[in-house]
Amino acid sequence: MNLFLQQVINGLNIGSIYALIAIGYTMVYGIIKLINFAHGEIMMFGAYFAFIAATSFQMPVWAILLLVMTIMAVAGVAIEFVAYRPLRNAPRLSALITAIGVSLFLQNLALIIFKPEPKIMPKLFPEMNFNIGGIDISSTTLITIGVSLVFMVLLDLYIRKTKQGRAMRAVSEDKDAAILMGVNVNRTVSLTFALGSALGALGGILYSVAYIQIYPTMGVMPGLKAFIAAVLGGIGIVPGAMLGGFIIGMVETLTKAYLSTTWADAIVFAILIIVLLFKPTGILGKNTREKV
């Protein structure tokens, strides 16, 4: 039982990171129906900038989080403006191919700037271990889960309670009607990319703290798993992305503990296939009729 509870804690740890990254996918899809496959690279650059801030400037952790999230929020807006906005009315396939192109461009840019050799992320959080009922829990795990939950709750409150959040929901429901009601769609889409990229950068920092190494392709697999989490929960639905992230984290951790580490990724991708076959709208998604 102690082993099982230990793996549950580990699953919540990695699941909270997947949830943060998945929110970026689901927010962008909810607004402009685009799968932003460059989101994993946003996470990767966030980890690199945190590494530079910690090693070169010895900044405190709160300043690192604030600075990196701000930088990547601006980067997300720039990517949307340069790569996606010109294709706003183009076929979805064009935007999808562009997203893959942006992802590859950012990976190669990181290779040129940071070189392929992995960097070792320094310990950003104080290292302490707690033993609760025979279960070892590190301070890093507690901080990761706590920080993730705080930012997810703040985002949910922002979307539900603020004027800008209502604008985001309006554009997601019906862009044309939102325009008629005076909503600035371009500004709303930019805000969505900014928020999603900031949370993706936070996920990248927490992921690099948990797994230590940083390298140019580190965002590929976590990005894909976060995408699966978004689809599982119901892509376009923020609470669904959170739920899907925790489920994927739990499945991955329990698979590694009780089956095999080599099967973990295969089972996660099998979940995507099963969801697409039997409930493509996801756990919290609802079937909607599309007018022709």
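The values are calculated or read from the model by the stated rules, or taken from the named source; none is laboratory data. Not measured: the values here are computed from a predicted model. Cβ coordinates were reconstructed from backbone atoms using ideal geometry, including for glycine residues, and neighbour counts include every protein chain displayed. In case anyone asks, the SASA skips ligands and DNA or RNA and just uses the protein heavy atoms, side chains included. Shrake-Rupley method; radii C 1.70, N 1.55, O 1.52, S 1.80 Å.
Return a yes/no flag: does segment 78-88 have any residue that is out of contact with any Asp or Glu (no Cβ under 7 Å at 6 or more places or on another chain), surrounded by 21 or more Cβ atoms within 10 Å (Cβ to Cβ), in a loop (DSSP other than H, G, I, E, B) and touching a residue at least 12 places away in the same chain (Cβ under 8 Å). For segment 78-88, residues out of contact with any Asp or Glu (no Cβ under 7 Å at 6 or more places or on another chain), surrounded by 21 or more Cβ atoms within 10 Å (Cβ to Cβ), in a loop (DSSP other than H, G, I, E, B) and touching a residue at least 12 places away in the same chain (Cβ under 8 Å): absent.
If you check Thr262, Thr255 for being among the hydroxyl-bearing types (Ser, Thr, Tyr), in a helix (DSSP H, G or I) and open to solvent by less than 60 Å² (accessible area, probe 1.4 Å), only one passes: Thr255.
Taking every residue in segment 1-30 that is touching a residue at least 40 places away in the same chain (Cβ under 8 Å) and closer than 26 Å to Arg92 by Cβ and pairing it with any residue that is open to solvent by 40 Å² or more (accessible area, probe 1.4 Å) and polar (S, T, N, Q), at least 6 positions away or on another chain, the pairs with Cβ-Cβ distances below 7 Å are Gly30/Ser172. Put simply, of Leu243, Leu224 the only residue that is assigned to a helix (DSSP H, G or I), more than 27 Å from Ile120 (Cα to Cα) and not basic (Lys, Arg) is Leu243. Across segment 1-15, the number of residues qualifying as in contact with a Gly (Cβ under 6 Å, 6 or more places away or on another chain) and surrounded by fewer than 20 Cβ atoms within 10 Å (Cβ to Cβ) comes to 1. For Thr281, are the conditions met, namely being within 29 Å of Asn89 (Cβ to Cβ) and either free of Cβ contacts under 8 Å to residues at least 24 places away in the same chain or open to solvent by less than 40 Å² (accessible area, probe 1.4 Å) (or both)? For Thr281, the condition - within 29 Å of Asn89 (Cβ to Cβ) and either free of Cβ contacts under 8 Å to residues at least 24 places away in the same chain or open to solvent by less than 40 Å² (accessible area, probe 1.4 Å) (or both) - is met.
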